[in-house]
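What follows is a set of notes on a single structure, which appears directly below.
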Amino acid sequence: MKFNTRLALLSALLIVLTVPGRSQINFTERQKAAQCEQIKSACRHAWKGYKKHATGFDALKPISKKGHNWYGVSFLMTPVDAFDTFFLLGLEREAKEAKEMVVAGLNFNVNQEVQLFEINIRLMGGLLSAFELSKDERLLALAKDLGTRLLPAFNSPTGMPYRYVNLKTGKTRDSLSNPAEIGTYLLEFGKLTGLTGDSNYYRVAKKAAMEVFRRRSDIDLAGTTINVITGEWRNTESQIGARIDSYYEYLYKAWLLFGDQDCRQAWEIHNKAIKKHLLTEVASGWYFTRVDMKSGKETHSLYGALDAFYAGILALSGDTNTARKIQKGNYYMWTAFNMEPEEFNFRTDSVLYPEYPLRPENIESCFYLYRMTNDQVFLRMGQRMINDILTKCKTAAGFAAMKNVTTLEKSDSMESFFLAETLKYAYLLFAPEKTVDLSKVVFNTEAHPFQITNDELRITN
Ligand code: DMJ
């Protein structure tokens, strides 16, 4: 047996022995409440750091204690992304402060090119959920304005959007895109259609997603890179992580939120193929590998932090058996290298990209699995992850990403999704179910909650 294989088996055995088991004592209601308090205080700490050192900027640099903007102007990513977390956690003062910053400072009438996908999931998603929760019409007005400015991106020969659009001129750029950046508008644009009465938003978002679906391979898989002008695949590797993930997520969630049958069917077809061709078992657990979309042959045995979301969507869709298996691999990925690396090779057990940018997906999957199974093993998994973040990533001004999880060297970044998603799912994992009723709410991919309102928009096929 090769040394690498022996090492992999040994570390897998160690993890199996340390995977939180059923025999362990269950959390009492009091202990759950204490976990929630701990997460609320982490939120306050991160927000205090942002306010003190980065007010007016997109994000906080938690080590150098400065502000950081994505572009030449700020779009207040952190307050927009954080508002609904504060709201759900009952942090009223923080929610009020974040909302005031947004209504006073956010302006889309700027000559600035932006990345459509990120602006949509963070800003459009954040504004729409903030409006639904607060009923403040100024937030809806901002969302409408942003929606109008994003629409030119969809004017391509195929209907699949360009990656960048200028908010003032409507000028577009970059035709080499990917399923996530093409198909992740269904929820936000569908909500916007419901709230404005303008059917064009959902129409363009759905056309874009369906154009990807239509170009799936004979074995029902999508590739990683596609040209939105010609419709040709440029990278035919099929996987479920970066550049594809939320395309699948939105197909299922458009069904949940709007009852869209086409999207449900597309999800079912892809999901069946993903489970058939990508799902792989090794000693340490089950993972989704990477394959060629046409042949189904493995290209790279990589798995990473972003892939971890799939256990959650599987659980939400009712397939808790497969989701449990995947979550075992997710937990291994988190615990085998100190904290979760961005990517590792699950066959050789080696880390490929050692950074941890405070991502939520692994905790998000614990949340959905716990809600769907009531099995406290997922609380214990989540507790370990949350504890690692709160202790290893904490700085004087907030929480810092890891540059290298194996050495625990930090990097000077606190992405807005830390407050939008990571801390929100961490809290919801331990909070009473009534905090968020999953039969009434669908989270967008940035964890912004959208209300299921039957009278708003039911897509008929
Ligand atoms: C978030 O912006 C979203 O969850 C997106 O879908 C993937 N990447 C980050 C979090 O990891």
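Listing for the model above:
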{"quantity": "Flag for Ser175 being among the hydroxyl-bearing types (Ser, Thr, Tyr) and within 16 Å of the ligand (Cβ to nearest atom)", "calculated": "no"}
{"quantity": "Residue among Ala420, Ala426 that alone is in the same structural domain as Ala34 (by TED's automatic domain parsing), buried (at least 16 other Cβ atoms within 10 Å of the Cβ), under 18 Å from the mean Cα position of the chain (by Cα) and farther than 30 Å from Ser301 by Cα", "calculated": "Ala420"}
{"quantity": "Test for Ser411: is it of a type outside the set (D, E, K, R), away from the ligand (no atom under 16 Å from the Cβ) and surrounded by fewer than 24 Cβ atoms within 10 Å (Cβ to Cβ)", "calculated": "no"}
{"quantity": "Matching residues in segment 207-243 - criterion: being surrounded by 23 or more Cβ atoms within 10 Å (Cβ to Cβ) and either over 22 Å from Leu278 (Cα atoms) or aromatic (Phe, Trp, Tyr) (or both)", "calculated": "Ala208, Val228"}
{"quantity": "Which listed residue is farther than 24 Å from Asp307 by Cβ and either of a type in the set (S, T, N, Q) or more than 15 Å from the ligand (Cβ to nearest atom) (or both), from Thr184, Thr158", "calculated": "Thr158"}
{"quantity": "Any pair with Cβ under 6 angstrom, 6 or more apart, that starts in segment 349-366 at a residue that is at positive phi and ends at one that is among the hydroxyl-bearing types (Ser, Thr, Tyr) and within 11 Å of the ligand (Cβ to nearest atom)", "calculated": "Leu358/Thr422"}
{"quantity": "Within segment 360-387, tally of residues that are under 22 Å from Glu342 (Cβ atoms) and either in contact with a strand residue (DSSP E or B) (Cβ under 9 Å, 6 or more places away or on another chain) or not hydrophobic (A, V, I, L, M, F, W, C) (or both)", "calculated": "9"}
{"quantity": "Residue match in segment 17-38 (condition: modelled with pLDDT under 95, surrounded by fewer than 17 Cβ atoms within 10 Å (Cβ to Cβ) and outside any loop (DSSP other than H, G, I, E, B))", "calculated": "yes"}
{"quantity": "Candidate set from segment 323-345 (those that are in a loop (DSSP other than H, G, I, E, B) and acidic (Asp, Glu)); member that is nearest to Thr445 (Cα to Cα)", "calculated": "Glu342"}
{"quantity": "Filter pass, Ser416 being closer than 17 Å to Lys40 by Cα and within 16 Å of the ligand (Cβ to nearest atom)", "calculated": "yes"}
{"quantity": "Checking Thr348 against (1) closer than 27 Å to Ala283 by Cα; (2) part of a strand (DSSP E or B), the condition it does not meet", "calculated": "(2)"}
{"quantity": "Test result for Met101, surrounded by 14 or more Cβ atoms within 10 Å (Cβ to Cβ), of a type in the set (A, V, I, L, M, F, W, C), within 24 Å of Glu132 (Cα to Cα) and over 22 Å from the mean Cα position of the chain (by Cα)", "calculated": "yes"}
{"quantity": "Counted residues, segment 244-272 - those being of a type in the set (D, E, K, R) and buried (at least 21 other Cβ atoms within 10 Å of the Cβ)", "calculated": "4"}
{"quantity": "Candidate set from segment 214-269 (those that are basic (Lys, Arg) and within 17 Å of the chain's Cα centre (by Cα)); member that is nearest to Asp437 (Cα to Cα)", "calculated": "Lys253"}
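Matching residues to (1) among the small types (Gly, Ala, Ser); (2) crowded, with 17+ Cβ neighbours inside 10 Å; (3) not assigned by TED's automatic domain parsing to the domain that holds Arg234:
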residue	(1), (2), (3)
Asp145	no, no, no
Leu150	no, yes, no
Gly159	yes, yes, no
Arg163	no, yes, no
Leu167	no, yes, no
Lys171	no, no, no
Ser175	yes, yes, no
Glu181	no, yes, no
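The values are calculated or read from the model by the stated rules, or taken from the named source; none is laboratory data. Just so you know, these numbers come straight off a predicted model, no measurement behind them. Neighbour counts are summed over all protein chains in view; Cβ atoms, including those assigned to glycine, are modelled from backbone coordinates with ideal geometry.
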